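Here, each number is a calculation from the coordinates, and none is a lab measurement. Predicted model only: the values in this text are computed from it and were never measured. So basically every Cβ, Gly included, is an ideal-geometry build from the backbone, and we count neighbours across all protein chains shown.
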Amino acid sequence: MTASFKIRRILSILTIMLLMAGVAACSKDNSTRDKSSVSSDTENVAAVKVDTKVVKKDEAWISIEANIPVVTGINNENVQKLINDMLEDAGIKFVNNLEQQSKEALEYAKTAGYDYIPYYAGITFEEKFNRNGILSLYVVYDQYTGGAHGSHDDITYNFDLATGEIIPLSELFNEDYNYAATIDKNITAQIEKMNKQYRDEAIKNGENPDDAYAPYSGFNGIANDQQYYIKGGSIVIYFPLYEIAPYAAGIPEFEIHLSEIESGIKAAYLQKLK
């Protein structure tokens with residue numbers, strides 16, 4: 001692996017870290033504010049929709065297919081602008097950084113005399129939840145910079161549509177509720193159930209159960225800034241590539257039903273999430 005390739009990999013990682021840092025910064029700002037009550041400004045968010053801004057480009061150095069979410073229908077223009085600026089800034093920054101790296105990589109390939117495979121930058125998103133003044137968007141930043149396969153970073157934006165602020169996981173729960181311990185226990189139980197299924201299958205096939213595949217063995221508890229998205233009646237905890245499992249396992253997800261954690265969720269949020 002050349003020094004130039006290593007540098008490009010580091011730059012790609014730094015780009016994604018900046019994206020995630022932006023989301024974390026907004027979450028941190030939220031947590032420092034007085035949120036003893038949750039906004040109930042339903043008039044401001046009565047008919048919210050998510051459209052798409054498409055950025056496409058095919059050049060010798062890169063192919064770009066970016067579908068950037070654009071939120072419409074919020075009566076408060078300042079709130080709508082706050083949300084859309086965050087989403088667009090993240091998307092454009094990701095695309096621009098990768099394009100700059102691709103141009104440098106192409107020039108290096110010409111100098112070194114080897115074939116160049118164009119980079120790829122893609123953005124897709126899914127609307128996971130959009131009602132009761134909360135919007136949960138799941139955005140995938142996909143890239144290929146050479147090697148056996150590409151990579152992607154999955155980042156969620158859980159917006160309070162009355163304020164435009166991101167809702168960190170911790171904000172959903174009462175301060176005296178140990179939400180992390182409860183969620184860790186739930187995820188651990190799900191993993192153990194999967195492990196048992198693999199062991200039972202090994203025994204059925206006449207194999208040593210101790211050699212059975214144990215998925216998500218890297219799980220050691222959720223992070224303080226844990227990524228999640230909202231699904232009607234549940235929250236879903238997920239982990240990025242490589243964090244608790246190999247690449248082939250994809251993005252591990254663990255659904256936590258509200259009924260299992262509702263005793264700790266703030267009353268106003270509990271009604272909104274159902």
**Message:** Tell me the net charge near Ala202. Cut-off is 11 Å between Cβ atoms, Ala202 excluded, with +1 for each Lys or Arg and -1 for each Asp or Glu.
**Reply:** -2
**Fill in**
Taking Thr52, Thr182 and counting other beta carbon atoms within 10 angstrom, the fewest-first order is Thr52, Thr182
**Message:** I want to check a number: in segment 179-273, how many lysine pairs have alpha carbons closer than 18 Å, given a sequence separation of 8 or more or different chains?
**Reply:** 6
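Decide, for segment 61-170, between rounded, prolate and oblate: order the square roots of the alpha carbon gyration tensor eigenvalues as a ≥ b ≥ c, take rounded if a/c falls under 1.5, and otherwise choose prolate if a/b is larger than b/c, else oblate.
Prolate.
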